[in-house]
Amino acid sequence: MMMGCLSLFGQTEGGGNSRRDVFSDINAYAETQTTVGNGRNPLWLNANKYGLSSLDSDNGYLRMAVERDVAADSCRRWGVGYGLDVAAAYNNTSTLIVQQAYFEGRYKLGTLTVGSKQQPMELRDNELSSGAQTLGINARPVPQVRLGLNDYWTIPILGRWFAFKGHFAFGMMTDGNWQESFAKGTPNKWNKNTRYHQKAGYLRIGKDDERHHLTFTIGLEMVSQFGGTVYNWAGTDENENHEEAVKLKSNLKSYWNAFTGMTSADAGEGIYENAEGNLLGSWVMRLAWNDDRMTAGLYMDHYFEDHSGMFFLDYDGYGSGENWNVKERNRYFLYSLKDFLLGFDLKLKRVKAVNSFVVEYMTTKYQSGPIYHDRTQNISDHIAGRDNYYNHSSLSGWQHWGQVIGNPLYLSPLYNDNGYIGTQCNRFRALHLGVSGDPVPGLHYRVKASWQKGWGKYDDPYMEPRENTSLLVEASYRTVDERSFLRPVTLTLGLGADFGKLRGDNKAVQLTVKYQL
C-alpha cells in the first residue's frame, strides 16, 4: 500500500482523504511489565527487546509512548513522523529510560531521522529469529542523524528487476556513566562519548508481484565506533585512586575515515594502522519465495571485525630485513568462510494455529583462525586472525548499556561480574528454533528454543566447553470486540528458562499489560 501510494504522488497530493495533518494518526499507549524469577532473567525474556529489559531476576517498568509513523503520509510527496517513548524502571541499568525520542521527515523515498528510534532487523523474522549479528534489536537505540531510503527503490534503467534500499548515520553512544559505574575499581577500561557510524545497503534482484514470486537480496551492513575518551582505573590503594584517560581522535578526518573505512592508527597502535576505531559488519543475503499461500526464505549472515574478515583476504607480501614493513610482492593470505548464521523461515498465510516457523544454525568459532601476527623485522609474514568478535582493544566493543547490539547469543557484558565491558564468550555454535501462531481471534503465541555450546574467546578460553539451553513460551491476548471496554488492552504472559553452565540455571515468569490510549 505504501509503495503504491508513493508511486502516485502527483495523482494523490491534493485528493480529499489523502490530505492529513501532522497531528493525525497518533499512536499512544501505556505499558507495564513485571518479571519474577530465580537466578538471572532467562535469555528470551530479556533479549531482543531493544534494551528495555534486565538480567535481574526481579525487574519491571512502566512505559508511556506517543508515536506518529511517517507511513501515515504514504500518499503524499512528503511525510512527518515523531515519537517520545519513556520508561520508569526498577532493577535495570537506569531508573529513568528515554527509550525513543525522534523526529522523521520524508520527501518521496528519502527519509531523515534525528534522535533515537527503534529500527527493525532486515531480511529475517523480527519476532522469532535469534537476531542479526550486526544491526540487531537487543540493545537500546543509539541517538543519531540518519539519512536513507527506507523502502526499496526500483531502478527503472535495469528493467525494474533490481531495487535498492539503504541508509547511513552518525551518532553517539549514551552509556558512558553506566560504563564507569560498571567498570570503576576494576582493572577494566570504560569509554565515554564514543562516536558511532552506521551504513547499510541492500540490492534486491527479481520482481515481487502477482506474476513473479522469487527474489534474491544481498546486503552489506557496516558500523564503526570511534572517538571519545578511554578511561582506566589506575588506583593502587584507597588513598591513591585516580583515573587515566586517553582521548581518541574525533575530528572531521576521523568522521571521514569512519565513513570510508580508511586506515588510521588509533592510540597505542603505532605503525600497525588499522581501520578508524572499531570497524565491524555483516554480509547478509536472502533467497525468498512469496505467493498468496506462503512466504519462505533462506538467509545467511556472515559477520566480520575487519577488512580481512570482510573480503576473506589480507595482504602478506612484505619484504625482509630493512624492508620488513614495505609492500614488495603480490601475495595475499586467503581466509575461509567458516563463521556464519544460516536460517530458514516460513509463513503460512492461510493457516492460523501454526503459521510461522524459523530454524537457524550459527557458528563463530573460526574468527579468521587462532593466530595473529603483525610483520616484524625477523618474521615478515602477516596473519590477522583471532578477530575477537564484539570486543575491541580500546573501545568497549559492540554493546550499548551492557547489552550486545547484535545477536544476543553472544554473551552480553551484563553477564560479567568482574567489571569487564565486553563479551566473555564469542566462540560458539548454536541451534535456534521459533514457532508462532494465532489459533483464535485475539490470541497470539510464540515458542523459542535455543541450544548453544561455547568455548569462551581465544585470549581467555574456557577450560571446558559450556553448554546452554534457553526456552520461551509466550502468549498474548488482545480483546477484539469493539464494544468492549477492554478492547485496547493486550495481556502477555511469558515463561522463560535457561539450563546449563553458560548462562546458569534461570527461571522466570513475565507479565506485560499494554493499554492503547
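The table below gives the values:
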item	result
Estimated [θ] at 222 nm from DSSP helical runs (n ≥ 4, -39500 (n - 2.57)) normalised by residues in the chain, nearest 500	-1500 deg cm²/dmol
Set of lysines near residue 507 by C-alpha distance (under 21 Å), chain-local residues within fewer than 8 positions excluded	49, 448, 453
Residue 260/residue 91 FRET efficiency (R0 56 Å; Cβ-Cβ; nearest 0.05)	0.85
Inter-probe distance in nm under a simple model that places probes 7 Å from Cα toward Cβ, at residue 158 and residue 210	2.6
P(r) weight above 16 Å for the range 280-327, C-alpha pairs, percent	64
For residue 285, distant residues with modelled amide H under 5 Å away	219, 300
Per-residue HN-Hα couplings for the range 492-509 [Karplus 6.51, -1.76, 1.60; θ = phi - 60°; Hz; x = Gly/Pro]	10, 10, x, 10, x, 7, 10, 9, x, 8, 6, 10, x, 8, 10, 9, 7, 10
Two-site FRET efficiency, residue 332 against residue 107, from Cβ-Cβ distance with R₀ of 60 Å, rounded to 0.05	0.85
Size of electric dipole in the chain: Cβ of Lys, Arg +1 and of Asp, Glu -1, about Cα centre, debye, nearest 20	1520
Fraction of alpha-carbon pairs over 17 Å apart in the range 27-117 - percent	57
Apportionment of accessible area to carbon and sulfur, the chain, percent (1.4 Å)	59
Rg(Cα) / (2.2 N^0.38 Å) computed for the range 307-405, rounded to two decimals	1.63
Rounded to whole Hz, the Karplus (6.51, -1.76, 1.60) HN-Hα couplings of the range 416-427, x for glycine and proline	7, 10, 10, x, 7, 9, x, 8, 7, 9, 10, 10
Residue-span extension gain [residue 151 to residue 353] - 0.36 nm each, minus C-alpha spacing	69.6 nm
Residue-wise HN-Hα coupling along the range 204-211, computed from phi with Karplus coefficients 6.51, -1.76, 1.60 (Hz; x: Gly, Pro)	9, 10, x, 9, 9, 9, 5, 9
Kirkwood hydrodynamic radius over Cα pairs of the chain, then Stokes diffusion coefficient at 20 °C and 1.002 mPa s, in µm²/s	87
Inter-label distance, nm, simple model (7 Å from Cα along the C-beta direction), residue 324/residue 489	7.4
Dipole of the range 289-388, positive direction: furthest Cα of 342, 355, 324, with charges on the beta-carbon	355
Compactness of the range 64-176 as Cα Rg over 2.2 N^0.38 Å, two decimals	1.22
Neighbour count of at most 10 Cβ within 10 Å plus DSSP loop: longest chymotrypsin sites (Phe, Trp or Tyr not before Pro)-free window in the chain	24-484
Per residue value of the accessible surface for the chain (all protein chains in place, 1.4 Å probe), Å²	46
Shape call, the range 388-497: gyration tensor on alpha carbons, a/c limit 1.5	prolate
Under-5 Å amide H pairs with residue 144, H placed in peptide plane, nonlocal only	115, 116
Cα shape, the range 276-358, gyration tensor, a/c 1.5 rule	prolate
Contour minus Cα-Cα distance for residue 252 and residue 505 (0.36 nm per residue)	86.3 nm
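The values are calculated or read from the model by the stated rules, or taken from the named source; none is laboratory data. Being a predicted model, the structure only gives us computed values, none of them experimental. Note that each Cβ is placed from the backbone with ideal geometry, even for glycine, and that neighbours are counted across all protein chains shown. The accessibility values were calculated without ligands, DNA or RNA, using every heavy atom of the protein model including side chains. Shrake-Rupley method; radii C 1.70, N 1.55, O 1.52, S 1.80 Å.
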